[in-house]
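Below is one structure, written out as structure tokens, with a few remarks after it.
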Amino acid sequence: MSNKRKSSHKNIPQKSKKQTFNPTLIWVGLGIVLVVLAGAFLYRPNTAAETLPREVSVTEAAALRDEGAFILDVREPDEWVESHIPGATLIPLGELASRVNEVPREREIVVVCRSGNRSQQGRDILLAAGFEQVTSMAGGIKEWTAAGFKTVSGP
């Protein structure tokens, strides 16, 4: 006599495995794809491309000021009294590194001087201190005045 048993499963018909179409899963999957794509297009990390250029023209500086940028004049007090951009703040270049806490971090900053040289140094001091939205105005107050932009005098 054989030890093999007969399987009782041989005679039971098996159901055919039919794949069913589930529209809900298709819509959920499509929704996930759309959310991922929308996020990829809408998410804009803060990159170097979004920071201010290292230097702007007086016209660009005036537009930034009109949009709320902080104008930082790094000249000496006697130069400031002679003429300065209305609404600007004076912090002489030699004092800037020790007074960076007086410069707002939440605003764009345009650094200004007489001709554009000291403002580049001021910009670099702020960048080194962790400021991200800083630029230097090319040509300084001389170019600003030559372009016909308003200045004021006095303390």
Additional length obtainable on full extension of the chain from Thr151 to Asp124, 0.36 nm per residue less Cα span = 7.2 nm
Separation of the Lys142 and Thr51 label points, Cα + 7 Å toward Cβ, nm = 2.8 nm
Expected vector for region 127-135, Karplus 3J(HN,Hα) from phi with 6.51, -1.76, 1.60 and θ = phi - 60°, integer Hz, x for Gly and Pro, equals 4, 5, 7, x, 6, 10, 9, 10, 9
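Pulled fully out, how much extra length does the chain show between Ile26 and Asn117, if you take 0.36 nm times their separation in residues and subtract their Cα-Cα distance?
The Ile26-Asn117 span can extend by a further 26.6 nm.
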So what J values fall out for region 53-60 if you push phi through Karplus, 6.51 cos²θ - 1.76 cosθ + 1.60 with θ = phi - 60°, rounded to Hz, Gly and Pro as x?
-> x, 5, 8, 10, 6, 5, 5, 5
Could you work out how far apart the two model spin labels at Glu60 and Arg99 are, taking each label as a point 7 Å from the Cα in the direction of the beta carbon, and quote it in nm?
-> 2.7 nm
Please check which bits of region 119-155 a label hung off Val81 would reach, taking the label as a point 7 Å along Cα-to-C-beta and the cut-off as backbone N under 15 Å.
-> 153-155
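We did not get these values from a lab; they are worked out from the coordinates using the rules stated. Since we're looking at a predicted model, the values are computed, not measured. So basically every Cβ, Gly included, is an ideal-geometry build from the backbone, and we count neighbours across all protein chains shown.
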